[in-house]
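The values are calculated or read from the model by the stated rules, or taken from the named source; none is laboratory data. Keep in mind that what you see is a predicted model, and the values were worked out from it rather than measured. We place every Cβ from the backbone using ideal geometry, glycine too, and count neighbours over all the protein chains shown. For the accessible areas, the whole protein counts, side chains as well, though only heavy atoms, and no ligand, DNA or RNA atoms are used. Shrake-Rupley method; radii C 1.70, N 1.55, O 1.52, S 1.80 Å.
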Amino acid sequence: MPHARISSSLLAALLATAASANAAPAAPAAPDLTRQQPQIKKILADVSPKRIEGYVAKLVSFGTRHTMSETESDTRGIGAARRWIKAELERCGAGTKLQVAFDSHIAPVSARISRPTEIVNVVATLPGSQDASKDRIYVTSGHYDSRVSDVMNYTADAPGANDDASGTAAIMELACVMSKYKFDATLVFMAVAAEEQGLLGARHWATQARQKNLNIAGMFTNDIIGSSRADNGKVDDKQVRLFSQSIPATKEMSEAVRQLVATGGDSDSLSRQLARHTKEQGERYVKDFKVSVIHRADRYLRGGDHMPFLEQGYAALRFTEPAEDFAHQHQDLRTENGKVYGDLAEFNDVDYIAKVTRVNAATLASLALAPAAPQGVKLRTDKLTNDSTLMWQTNPEPDVAGYRIVWRETTAANWQGSKWVGNVTEATVDLSKDNVFFGVQAVDKDGNVSVATYPMPQR
């Protein structure tokens, strides 16, 4: 029987089919990383300047919220303030999973505490809904205590409208709005006490968190976010400062910090990575508003409630208005030469506070909906090449779609390029590790992106 002849065109088609069958499958397309998440857009739309203004006015109405002030009265002092904050959070969180509680301890006599004093934080927790993510926690805070010129004066009126009723109002609004929605990870909204007496409330909670080995993946404090007007009268309602620590100022370096320094990653600490994410998400959702990342832990040689979290090794950042007006901060109420001194509500800009609150909301929501930052990220250095191979561990979340590698020049502050590599644990980029800094991000099927993880050398 004669052999059947195969045409050259049919043979080429058969060979192409065979080659295609033997080729490695192409990586699935990346989820849409550019679209705004509908849930986040709804949350931001729900933020109300009017409610924020009401929260500030109520806090101011207690006269003083000094840490050592009156605790028995229902109308004056820090005791009345904390009971009202708790009741208001319980009211607005009714019918949701928001859990509101006091966190209390006794502070002994110290430089700014003249008698043993009960320090009480108000803590509202929104548990995460995904088993693989619910132990991952994001914290945001404002401090509800106030002061005047003499930090030990606990009887004088200390309205504290900006410092820090503004931050307390922001976290109350965040808790009330965000409690209506579900998130994979857990969110904690805290009104902390005794910031003015030495960060005592925040330090107690952060220390307890470390002792309990809580997975605090990020912390934000909102302190002095109330005014868009500087002491020279200039108005700037288009930006907020975000303070972000690099290498901690400790006598001894941990091994992780040593590796950062050895590879030039001084600006790739956990807090700097969180700041990059915050800037990206905040500016993505709050249009015409800039998140200005300041490469310092706080204002020059000053501090806030994020500092105790940094001391415990957590990523922590501070939001503060563009330029402070010190006539309306830590001042006795008075008028001198026609100038009004004191932290009064009339000097607040509630629309500005709402913008900063929305930046918080966009960041917290994007973090709590996204996968965790990848773990065990390594950069291969076992042979000299002009490309770069990165490896990482598989994320535990069931909705992870894959990973992307990001990079920037060594002189750049923010990520400049990215490559989607699919649901793999190793990938090579045609860029030299000598010339750029890398990070690896996890992405879920909805396009929510994690904070980037800086790779350590794999020898």
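Taking only C-alpha pairs under 8 Å that are 6+ residues apart, what is the relative contact order of the chain in percent?
17
Overall dimensions of region 38-93, expressed as equivalent-ellipsoid semi-axes from the Cα gyration tensor (√(5λ), whole Å, largest first), are 28, 12, 8.
Most tightly packed first, judged by the mean number of other beta-carbon atoms within 10 Å of their residues, the peptides 114-125, 261-272, 329-340 read 114-125, 261-272, 329-340. Region 72-121 and region 388-436 have Cα centres separated by 44 Å.
Residues whose amide H lies under 5 Å from that of S141, counting only those 5 or more places away or on a different chain, are M190, F220, T221, N222; hydrogens are built 1.01 Å from N in the peptide plane. Extension gain for A111 to D446 (0.36 nm times residue separation, less C-alpha to C-alpha distance): 115.5 nm. Shape class for region 114-261, computed from the alpha carbon gyration tensor (a ≥ b ≥ c): rounded, with a/c under 1.5. With r defined as the distance between the Cβ atoms of A262 and T335 and R0 fixed at 35 Å, what FRET efficiency is calculated, to the nearest 0.05? After rounding to 0.05, the efficiency reads 0.05.
Report, for the chain, the % of DSSP beta bridges that are antiparallel, rounded to 5.
65
For region 134-205, the square roots a ≥ b ≥ c of the C-alpha gyration tensor eigenvalues yield an a/c of 1.5 or more together with a/b not exceeding b/c, which makes the shape oblate.
Just the Cα atoms of region 33-192, one point each, no solvent: what log10 I(q)/I(0) does Debye give at q = 0.11, 0.18 Å⁻¹? With no solvent term, the Cα-only Debye profile gives -0.47, -1.07.
Note on T385 and R210: their simple-model spin labels are 4.0 nm apart, each label 7 Å out from Cα toward Cβ. With the cut-off at 23 Å, tell me which of the pairs K50/K134; K378/K433; K41/K234; K134/K251 have Cα atoms farther apart than that. In this structure, K50/K134; K41/K234; K134/K251 exceed 23 Å between Cα atoms.
By accessible area, using a 1.4 Å probe on protein heavy atoms only, the chain has 51% of its surface on carbon and sulfur. Legend: calculated FRET efficiency, A57 to T411, from the Cβ-Cβ distance at R0 = 56 Å, rounded to 0.05, equals 0.75. Computed from label points 7 Å out along Cα-Cβ, the spacing between T96 and K251 is 4.5 nm. Summed over all non-identical Cα pairs, the Kirkwood treatment of region 70-113 gives a radius of 12.4 Å. For the listed peptides 154-164, 226-236, a ranking on the average number of other beta carbons within 10 Å per residue, highest first, reads 154-164, 226-236. Per residue, the chain exposes 45 Å² of accessible surface when a 1.4 Å probe is rolled over the protein heavy atoms with every protein chain present.
With the simple spin-label model, which puts each label point 7 Å out from Cα in the Cβ direction, the A87 to R302 separation comes to 3.4 nm. Within the chain, the percentage of alpha carbon pairs spaced more than 37 angstrom apart rounds to 31%. Using the Cβ of L89 as centre and a radius below 15 Å, the other residues enclosed give a net charge of +4, where K and R count +1 and D and E count -1.
A cut-off under 11 angstrom between Cβ atoms defines the neighbours of D268, and their net charge, with Lys, Arg +1 and Asp, Glu -1, is +2.
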